[in-house]
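Taking it in order: structure first as structure tokens, then the write-up.
The values are calculated or read from the model by the stated rules, or taken from the named source; none is laboratory data. Given the structure is predicted, the values throughout are model-derived calculations rather than measurements. Quick reminder, even Gly has a Cβ in these numbers, built from the backbone with ideal geometry, and neighbours come from all protein chains shown.
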Amino acid sequence: MQRIAAMKAIPLIVRLVAAIGGGYGVSAGLVAVAALALPAMTAMPRSEAVVLASMLAFLVYLALLIWAFAEPRLTRLCVVLVAAGTASWGAALGLVRLASGG
Amino acid sequence: MEQGFRASMNWLHTWSGVVLGGLLFAIFWMGTLSVFDREIDRWMAPMIRLPAAEKTFSLEVLRPLYEAAAAAKSPFFSVGLPTDRDAAIRVLWREPSGPVHRFIDPGTGVMLPDPGTLAGTRFIFPFHYMLHIRFQDIGLWLVGLAGMAMMVLCVSGVIIHRKIFTDFFTFRPEKKPRRLILDLHNVTGVLGLPFHFLISLSGLVIFWATYFPSSWQVTYNGDRLAFFADAYGNVIPKGRSGEPGGMASFDAMAAEARRLWDGSALRYVFVRNPGDAKSVMQIGRLDEGIVSSTYDAAYFDGPTGALISYRNGTAPVMSTQRFLSGLHFIQFHHWSLRWIYFVLGLAGCVLIATGYLFWLESRRKKHAQLGLKGVRIVEGLAVGSVTGMLIATGAFFVVNRLLPLGASAWGQDRAALEVWTFYLVWLATFAQAWARPQRAWMGQCWTVAALASAAVLLNWITTGDQLLRSLSHRHLWPIAGMDILLLAGAAFAAVAALRLSRLSRIGRVRHA
Amino acid sequence: MPDAILLLAIFAAAYLGFAALAMSQDRHWHHLGGGRHCPRRTCMVLRCSGWALLLAALVLALVRDGASFGSLLWATVITVGALSVVATLSWRVHWLRPAARLLQHLG
């Protein structure tokens with residue numbers, strides 16, 4: 001309790017932004033990848049993949065939010081979120097370019 | 001690590017609860033009332049307290065209103081057809097001056113006078129999912145944030161609860177207030193957990209396309225309409241042609257739609273581009289016999305009345321989404337479930353309110369000793385969000401029965417005056433709670449009791465539908481139900497106020 | 001009418017099921033006039049019958065309303081049943097005393 005109760009203002013703000021904003025960014029990136037990859041890898045129709053990815057995203061975001069507040073090391077939290085965000089959005093945009101015949 | 005994890009979850013539970021509790025209470029309270037939104041409509045708009053609609057009536061009674069909408073170049077003409085809970089036809093279109101909402105008696109085809117209220121379906125229900133903040137969808141996003149927070153609170157609450165199974169049934173009303181409040185918070189939280197988690201998740205899932213737009217943006221090149229056309233089979237004309245066009249027989253198209261779905265009843269009629277050569281008529285299916293909220297619709301070319309396409313059933317994932325939406329919307333015909341939802345919704349309100357109270361009770365002494373202002377600020381927030389919300393709702397009902405039809409003041413029409421009353425009264429409850437925190441809970445409980453009883457009395461005086469009369473007529477049962485709940489609420493608030501005044505007297509004796 | 005009776009039966013099964021589960025806990029067993037600890041055999045009987053009653057409520061709900069409405073009804077009714085058990089234990093504990101006494105004699 002002490003460790004977190006004594007959180008200073010700046011690390012707290014960083015954690016809040018990382019959890020709420022970063023967690024959302026990563027979830028949205030993963031949604032985009034899943035919505036693109038599922039129809040390509042399985043026989044699932046495109047519209048179905050979009051809905052499935054979006055519904056699961058709420059649970060992914062929930063897990064990320066919980067973890068963001070449970071992770072003691074703030075740097076690790078930020079590094080992982082930035083890495084996951086870059087990877088998922090990079091993959092999504094790459095897939096979009098691939099699909100449009102680039 | 002285990003200790004650290006639990007401690008961080010405790011921190012998360014405490015502070016997300018304190019910061020978002022007010023918002024969550026408002027959403028839960030309005031959602032609980034929305035369970036009976038159409039019944040509230042009947043109570044607040046007495047002109048629609050009609051006997052159940054005749055099974056067959058001609059949709060042609062809508063033609064004059066349709067012509068009015070076409071003349072006003074309204075982008076749409078929307079008709080809600082009567083159901084078991086709703087005896088009147090609801091019509092909505094847009095005039096240059098603003099939206100027009102009217103009821104029609106299906107028995108006679110007569111347009112009923114302007115109800116002058118947004119009532120349950122147009123004030124309480126939208127408040128529940130978007131707080132009436134339309135700008136940039138901020139309201140919708142705030143509710144989404146609160147929904148995520150509710151799930152976080154559910155999970156973290158389970159993690160920090162040390163004796164979840166031993167305390168499963170434990171509520172000790174004879175204990176000290178702090179223990180009693182925690183017991184009540186734990187019991188409603190743990191037992192209500194499946195409902196609260198599912199209702200938050202399903203609420204979020206309804207708006208998945210708004211909350212996670214990245215999914216359809218990357219797959220459909222950012223074209224929302226293309227996605228909806230693919231997923232739901234929507235037929236949406238691209239703009240108006242500018243040429244005037246007629247409208248084929250409503251009844252013929254409705255009969256065709258019914259035939260497509262094996263005689264199923266219809267829920268709505270929606271015309272895009274009324275009066276234009278490129279108008280499209282959409283007719284929706286009513287299926288009250290299943291949990292899912294169906295997207296089944298038939299599309300007709302307006303001027304010719306020819307069927308463009310129709311939809312019957314959905315793919316597996318979409319069916320799951322429709323099931324989750326349906327269990328949240330409860331538009332199905334199941335009165336037992338409707339009442340259970342109401343009770344469990346109230347349990348959610350109790351859960352949030354006791355969460356606040358526990359925070360306050362466990363810090364009151366310490367903050368007083370240290371001279372901190374936290375308790376005072378949060379207490380004002382808690383009073384205003386809990387009893388203040390109840391008072392504002394009560395005032396909304398009371399002013400609805402006090403204002404005559406067609407009333408207006410300061411350039412605001414009757415419906416706007418009701419809404420202004422709601423917000424101003426709500427604001428006043430916060431002001432009172434911050435100004436006089438000692439007596440705020442008790443005083444506001446008395447106000448709730450007074451407003452709820454006044455609402456019942458005013459309903460009797462202005463409409464003559466007192467409890468005995470409304471109980472003896474089937475079509476007035478919704479009125480009876482609302483009056484009984486108001487009286488029960490008044491009694492409950494009065495008992496709470498009496499208890500609080502006794503507690504404060506004991507407190508004063510002890511201090512003396 | 002059978003619908004109403006079935007609904008009542010579902011609620012009764014949920015209520016009794018949770019009441020049995022509550023009684024099997026030492027705190028409530030003691031509160032209901034039993035010893036400090038619920039005897040092991042009685043505890044087992046109570047737990048098994050409690051779960052069996054909850055299962056029976058599920059079966060009745062499925063019979064009454066079919067798979068989707070039935071499961072939804074069950075999930076929500078058992079919450080109301082559990083809350084009612086809590087209310088009974090808090091304010092009308094004597095309603096459950098005879099059951100506890102009977103079990104003590106049998107145990």
Revision key, fill the gap. Condition set touching a residue at least 24 places away in the same chain (Cβ under 8 Å) and in contact with a Gly (Cβ under 8 Å, 6 or more places away or on another chain), scope segment C:56-88, selection farthest from the other protein chains (Cβ to nearest Cβ): answer is C:Ala56
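Yes/no matrix, rows are residues, columns are (1) at pLDDT below 95; (2) touching a Ser or Thr at 6+ places or on another chain (Cβ under 7 Å); (3) more than 9 Å from every other protein chain (Cβ to nearest Cβ); (4) closer than 23 Å to B:Phe207 by Cα:
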{"site": "A:Arg3", "(1), (2), (3), (4)": "yes, no, no, no"}
{"site": "A:Ile10", "(1), (2), (3), (4)": "yes, no, yes, no"}
{"site": "A:Ile20", "(1), (2), (3), (4)": "yes, no, no, yes"}
{"site": "A:Ala34", "(1), (2), (3), (4)": "yes, no, no, yes"}
{"site": "A:Ala43", "(1), (2), (3), (4)": "yes, no, yes, no"}
{"site": "A:Glu48", "(1), (2), (3), (4)": "yes, no, no, yes"}
{"site": "A:Val51", "(1), (2), (3), (4)": "yes, no, no, yes"}
{"site": "A:Tyr61", "(1), (2), (3), (4)": "no, yes, no, yes"}
Review point. Does A:Arg15 count as in a helix (DSSP H, G or I), in contact (Cβ under 8 Å) with a residue 40 or more places away in the chain, of a type outside the set (A, V, I, L, M) and more than 9 Å from every other protein chain (Cβ to nearest Cβ)?
Key: yes
Point to revise | Top-ranked residue of segment B:304-322 - restricted to ones that are in contact with a strand residue (DSSP E or B) (Cβ under 8 Å, 6 or more places away or on another chain) and surrounded by 17 or more Cβ atoms within 10 Å (Cβ to Cβ), ranked as nearest to the other protein chains (Cβ to nearest Cβ) | key: B:Arg311
Study note, to complete from the structure: The condition from (1) more than 10 Å from chain A (Cβ to nearest Cβ); (2) in contact with a Gly (Cβ under 7 Å, 6 or more places away or on another chain); (3) buried (at least 19 other Cβ atoms within 10 Å of the Cβ); (4) of a type in the set (A, V, I, L, M, F, W, C) that B:Ala257 misses is numbered (2)
Review point. Given the conditions (1) over 29 Å from A:Leu98 (Cβ atoms); (2) at the interface with chain B (Cβ under 9 Å from one of its Cβ atoms); (3) modelled with pLDDT of 90 or more, and given that A:Arg76 satisfies all but one, which numbered condition is not satisfied?
Key: (2)
**Study point:** Those residues of segment B:276-303 which are of a type outside the set (D, E, K, R), more than 32 Å from the chain's Cα centre (by Cα) and surrounded by fewer than 22 Cβ atoms within 10 Å (Cβ to Cβ), in sequence order
**Key:** B:Ala277, B:Pro303
Check your understanding: Does any residue in segment C:16-42 that is more than 17 Å from C:Leu83 (Cβ to Cβ) come within less than 9 Å, Cβ to Cβ, of a residue that is acidic (Asp, Glu) and outside any helix (DSSP H, G or I) six or more places away or on a different chain, and which pairs are these?
Key -> C:Arg27/B:Asp167
Check your understanding: Of the residues A:Gly25, A:Gly29, which single one is more than 8 Å from chain B (Cβ to nearest Cβ), assigned to a helix (DSSP H, G or I) and closer than 27 Å to B:Tyr220 by Cα?
Key -> A:Gly25
Check your understanding: Quick one: in segment B:323-369, which of the residues that are touching a helix residue (DSSP H, G or I) at 6+ places or on another chain (Cβ under 9 Å) and outside any helix (DSSP H, G or I) is surrounded by the most Cβ atoms within 10 Å (Cβ to Cβ)?
Key -> B:Phe332
